[in-house]
Amino acid sequence: MKTRRTLPADSAPQSLCFVKEVKNRCRICYTCVRECPAKAIRISKSQAIVVPERCIGCGNCISVCSQQAKEMVSSVEEVEALLKSGAPVAACIAPSFSVEFQAEFDFRVMVGMTRALGFELVTEVAFGADLVADRYRETLILNKGRHYIATACPAVVGFVERYHPDLVPFLSPIVSPMVAMTRVLRSLHGPDLKTVFIGPCVAKKAEAVDSDVAGGPDAVLTFPELRELFKRAGITSASAEPSDFDPPRPWLGSLFPISSGLLQAAGIKEDLLTNDVVATDGHHNFMNALDEFAEGGMEANLVELLSCKGCISGPGLSSKESLYQRRSRVSHYTRYRELTHNQEAWQKSIDHFANLDLTRSYRSLDQRITDIDEVQIIETMQRMGKQSEEDELNCGACGYSSCREHAIAIEKGLAESEMCLPYVISYHLKTILELSNLNDRLATTQETLMHSERLASMGQLAAGVAHEINNPLGVVIMYTNLLLEECSKDMEFRGDLQMIAEQANRCKRIVAGLLDFARQNKVAHQPVDIRELVAATLSSFQRPEHVELDIVHEESDPIADIDRDQLIQVLLNLVVNACDAMPLGGKLSLRTKGDETTVIFEVEDTGTGISKENLKKLFEPFFTTKAMGKGTGLGLPVVYGIVKLHRGDITVESNADSTLGPTGSTFRVKLPRQAQAHAGKADA
Ligand code: ADP
């Protein structure tokens, strides 16, 4: 009966998918994933892509996308070509036309405009609906006790074939009103008649090319596509000649687009008492009904299911009116037609087609996911931070009803972990925390680096100055001593010479300190017993009598790979400072500690302590609080330099406020036990 089957060029033959993506429009909000009843959308390269073989063509993704990232495959050019082909073409207009056009103009204007496009016949699909309703009534009477799923909605049929193939035998073997009407027209006007269905449905495009349905339309247009045809042909409501639809005339079939309209058209009541017939619409409802049907929990003989909230809310309508307003447009038109309804003539038409074949077949196109690898699923869930059942929030933000379903979809390449909102939030929080920690570390490193740079440049300067001063200073000291030797004790200027010698020697000490500070650029690593090192340090130093000494060795292995002379200098400087801080006496504690990788020296005193303000300046060259002639401010910079050359660390804890507790300071030097690869280069 059917003469031509065409598929859209960019659609796989077996998929019949008429929904396509608009490139780069998708903002991956997952709304389409969430709203797709077939879970036929996968996220790839930050775009939501329709998976053709899983798609049931309901067009919901087109309706719900705020970015217009999905659109249906247009049939406008195909229909234009058909109209220009010279063959007679009939338009079969779905009863929801009143929802699309009634607010703008009378239905007769729409019929006139459609004729002006070149359609030879303009008919109402509602008559096909009348016939189909009649067949349902007949089927139910003849097959009492059998259960059927009504099949006017191609999206529901597509869903059953793909996701409930076990229910395929329950699909009623009756064609949809669209196919019934095109078969009627061909039986009336001959097989050469071409037919175009015009309605609110995207899935009808797929039904028209479904090889299980013979005798369907040659092309399918949605109402916005019809508007486009008008526009391209320059046809307006003012220019068109109003006219009525061509026969055969329908009756209650006009109610078909409203949920349970089929039942009403067939005179079958949705009887709450006998529960023989159940009608429901919308994605969630129809899927729940099918689940229940499959589980055997539904006694109804006929289950009428619509994917949308009735065809009046199909994606192929441009109306922005509420569902209630849409319903009233359909019923208003039906009531208007009832005024001139001729029951006898209508019954005659119905009887005329009593023997018209309105059957069709179905097949299983199973797309259920069955080969689930439990181990993989658990691993995927764990990757998303779902370690236990409590972590499975099943919030649905990803578009899947549970975390497990989401994990399965990830495994099958349909989804991504990033679709899990709680996971993404915790991931970002973690990243922010890590970044902030890194930032802190960076700031500290930067500060250390600046400090090191300052020390390095001061060291260079100091070395230069010290070198230049050293020689003349030696001459001054030597000649002062010579003069002193030649000078008798009672000579007038002997005191002056002594003053020169004293101050010149002080300068010498400063210069020696400067040279020490500047020359720290090489470390001679050798195995050193740190206990012996402490003893050697103390032996080269005259401890003031009023300072008590306490030495504790806590490490088990005293050998460390360090520069012995440099470390003696470190300890000596720290010990001298500690004693200077206890002019009235106190306790000096020297502790050594260590583990496998590090050795620690602690020099603690019960002295004056160091104020917070001074703590910041401790390692700066020439910072001293000691009296003129006593301090050079080079001891700690030298210590710092040596410690850094050993790739170690020096920290200070101090309290200078007796109201907060005992005053005193602890200098802690931490060194790697083994010489490190880059240690020894001047970096301090
Ligand atoms: P100097 O000893 O010549 O002053 P340093 O660089 O060794 O130079 O010390 C700098 C300053 O740090 C000292 O003048 C002193 O103020 C402070 N300081 C160092 N060690 C201690 C300590 N154990 N207790 C109190 N202050 C200290």
Within the range 539-574, restricting to residues that are open to solvent by less than 30 Å² (accessible area, probe 1.4 Å), within 57 Å of the chain's Cα centre (by Cα) and farther than 12 Å from Asp529 by Cβ, the one that is farthest from the ligand (Cβ to nearest atom) is Asp563
Could you give every pair whose Cβ atoms fall below 7 Å, whose first residue belongs to the range 475-498 and is without any contact (Cβ under 8 Å) to a residue 40 or more places away in the chain, and whose second residue is of a type in the set (D, E, K, R) and assigned to a helix (DSSP H, G or I), counting only separations of at least 6 or pairs across chains? Ile477/Lys508; Cys487/Arg494
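Run down Lys489, Lys430 and say which single residue is of a type outside the set (A, V, I, L, M) and in a loop (DSSP other than H, G, I, E, B). Walk me through how you get there before you give the answer.
On the way: Lys430 fails: in a loop (DSSP other than H, G, I, E, B).
Answer to the check: Lys489.
Of everything in the range 274-319 that's acidic (Asp, Glu) and closer than 15 Å to Ile258 by Cα, which residue is most open to solvent (accessible area, probe 1.4 Å)? Can you show your working first?
The initial filter retains those residues of the range 274-319 that are acidic (Asp, Glu), namely 276, 281, 291-292, 295, 299, 304.
Of the ones still in play, those that are also closer than 15 Å to Ile258 by Cα are 281, 304.
Values: Asp281: 25, Glu304: 7 Å².
Of everything passing the filter in the range 274-319, Asp281 is most open to solvent (accessible area, probe 1.4 Å).
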Take the residues of the range 575-586 that are within 13 Å of the ligand (Cβ to nearest atom) and open to solvent by less than 50 Å² (accessible area, probe 1.4 Å): which is farthest from Val639 (Cα to Cα)? Gly586
Using the structure shown, decide if Leu618 is open to solvent by less than 60 Å² (accessible area, probe 1.4 Å), more than 21 Å from Pro558 (Cβ to Cβ), within 9 Å of the ligand (Cβ to nearest atom) and part of a loop (DSSP other than H, G, I, E, B). yes
Give the residues of the range 228-259 that are part of a loop (DSSP other than H, G, I, E, B) and small (Gly, Ala, Ser), sorted by residue number. Gly234, Ser237, Ala238, Ser239, Ala240, Ser243, Ser259
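May I ask you to list the residues in the range 141-159 that are assigned to a helix (DSSP H, G or I) and open to solvent by 30 Å² or more (accessible area, probe 1.4 Å)?
First, pick out the residues of the range 141-159 that are assigned to a helix (DSSP H, G or I): 141-142, 154-159.
Of everything in the range 141-159, those that are assigned to a helix (DSSP H, G or I) and open to solvent by 30 Å² or more (accessible area, probe 1.4 Å) turn out to be Ile141, Leu142.
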With the requirement that a residue be open to solvent by less than 60 Å² (accessible area, probe 1.4 Å) and not in a loop (DSSP other than H, G, I, E, B), what does the range 385-427 give you? Asp391, Cys403, His406, Ala407, Ile408, Ala409, Ile410, Ser417, Met419, Pro422, Tyr423, Val424
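Restricting the search to the range 119-152, which residues are charged (D, E, K, R) and closer than 12 Å to Ala180 by Cα? Let's see the steps before the verdict.
Here is the first cut: in the range 119-152, the ones charged (D, E, K, R) are 120, 124, 130, 134-135, 137-138, 144, 146.
Matches in the range 119-152: Glu124, Asp130, Asp134, Arg135.
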Across the range 641-651, which residue is nearest to the ligand (Cβ to nearest atom) among those that are farther than 20 Å from Leu515 by Cβ and among the β-branched types (Val, Ile, Thr)? Ile650
Residue match in the range 327-349 (condition: of a type in the set (Asp, Glu) and assigned to a strand (DSSP E or B)): no
Being more than 6 Å from the ligand (Cβ to nearest atom) and open to solvent by 10 Å² or more (accessible area, probe 1.4 Å) is the filter here; which residues of the range 624-640 pass it? Ala627, Met628, Gly629, Lys630, Tyr640
Selection from the range 597-613 of residues within 52 Å of the chain's Cα centre (by Cα) and near the ligand (Cβ under 6 Å from one of its atoms) yields Ile610
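Can you give me the number of residues within the range 350-362 that are among the charged types (D, E, K, R) and assigned to a helix (DSSP H, G or I)?
Of all residues in the range 350-362, those among the charged types (D, E, K, R) come to 351, 357, 360.
Next cut, assigned to a helix (DSSP H, G or I) only: 351.
Of the residues in that region, 1 qualify.
Every residue in the range 652-677 that is within 16 Å of the ligand (Cβ to nearest atom) and open to solvent by 70 Å² or more (accessible area, probe 1.4 Å), please. Please lay out each step first, then the result.
As a first pass, look at the range 652-677 and keep what is within 16 Å of the ligand (Cβ to nearest atom): 652-658, 660-669.
If the condition is that a residue be within 16 Å of the ligand (Cβ to nearest atom) and open to solvent by 70 Å² or more (accessible area, probe 1.4 Å), then Glu653, Ser658, Leu660, Pro662 are the ones that fit.
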Could you count how many residues in the range 504-562 are closer than 19 Å to Gly629 by Cα and of a type in the set (Gly, Ala, Ser)? 3
Tell me the residue from Gln503, Gln460 that is within 60 Å of the chain's Cα centre (by Cα) and not hydrophobic (A, V, I, L, M, F, W, C), please. Gln460
Scan the range 620-635 for residues that are modelled with pLDDT of 90 or more and within 52 Å of the chain's Cα centre (by Cα) and jot them down. none
What single numbered condition from (1) in a loop (DSSP other than H, G, I, E, B); (2) more than 9 Å from the ligand (Cβ to nearest atom); (3) open to solvent by less than 60 Å² (accessible area, probe 1.4 Å); (4) free of Cβ contacts under 8 Å to residues at least 60 places away in the same chain fails to hold for Ser589? (1)
I need a count of the residues in the range 529-544 that are among the β-branched types (Val, Ile, Thr) and either under 16 Å from Thr598 (Cβ atoms) or outside any helix (DSSP H, G or I) (or both). 1
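The values are calculated or read from the model by the stated rules, or taken from the named source; none is laboratory data. None of the values given here were measured: they were computed from a predicted structure. Every residue, glycine as well, gets a Cβ built from its backbone with ideal geometry; the counts of neighbours run over all protein chains shown. SASA here: full protein model, heavy atoms, side chains in, ligands and nucleic acids out. Shrake-Rupley method; radii C 1.70, N 1.55, O 1.52, S 1.80 Å.
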